[in-house]
Amino acid sequence: MGTKEPVRKFLGVGGSPLEHARPSCDNRATMNASYPPVSHPPEFGGAAPGGRHLDAGAGAAWWGESWRIFCAAPLAWIGIFFAFVVLSIALMMIPIVGSLANTVLTPVFAGGVMLGCQALAEGRPLSVGHLFEGFRSAYFAPLLTLGLVLLAVFFVIAVVMVGTVFLTLGASGLAALLDAGGTTTIDYAALWAAGTTIFVVAMIALVVALLVATAFWFAPALVVLNREAPMVALSRSFAASWRNVGAFVIYGLIYLGLAFVASIALGLGWIVLGPMVAGSCYAGWRTIFGRS
């Protein structure tokens, strides 16, 4: 398949891209008719189709498809969004264990949402219950493995960051920094001298976080829709993300604009943008890994 074919298939040959990317939520019949169906995935352990290389414009197309996905069941999506937010806040309120559980369970929830997107693509209804589909026995263990790997990666990054700051500032400097505003006097000259090292470490941590994000972006979808093993899913997600770096640059730039708009008016726009992020992830999986 040519590199332009997945994008052309989504935008619609002979039609305006904006007409396909921005359907009205009121025109459900037209929207559902234009939504491209996805064939059933292979059995667990079977390899997904080779990750396709897409044009940079696919990054914009993913947002257009995510809007159609949201319009297919807006009330259900809003319900899923609020349920996830409430559950995340509840877990974070539990000292220590809660934040760890939230990190580990995030890929499990993400896998359930991907199954919900698949249900819409196959013409089946979406419900809040899809958020918990990842807890089913067929999916839970591999998705939980993704969560444990994510937790381990975060732990390593945190240890390296804290260790570097400790070695740079020393025990007394770190104690003074933590006691800022208290009785300990901070040596600002020493802190300024260490600032460059801390900045470099922070930038490295940011790059590592980006690499981790590319490995996990498609991983839940690959686990539940292509039945890939967790480590294979991470590897394939990482490779496909960097193979389509141009599309992800366009996608990221559009996300920054949408996030800014969504944050206006008390952040209420995230009620729509949150589900659209999930839909865009599915759209990316469909065009890169889905079967034509």
Self-check item: Options LEU222, LEU273, LEU256: the member that is in contact with an Asp or Glu (Cβ under 6 Å, 6 or more places away or on another chain) and either closer than 27 Å to ILE157 by Cβ or not hydrophobic (A, V, I, L, M, F, W, C) (or both)
Solution: LEU222
Quiz prompt | Lone qualifier among ALA110, ALA158 - being under 23 Å from LEU210 (Cβ atoms), among the aliphatic types (A, V, I, L, M) and loosely packed, with under 14 Cβ neighbours inside 10 Å | solution = ALA158
Exercise. Would you mention how many residues in segment 236-292 are farther than 24 Å from LEU75 by Cβ and part of a loop (DSSP other than H, G, I, E, B)?
Key: 5
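Every number here is computed from the coordinates shown, using simple stated rules; none is lab data. Since we're looking at a predicted model, the values are computed, not measured. Ideal geometry is used to build each Cβ from the backbone, glycine not excepted, and the neighbour counts take in all protein chains shown.
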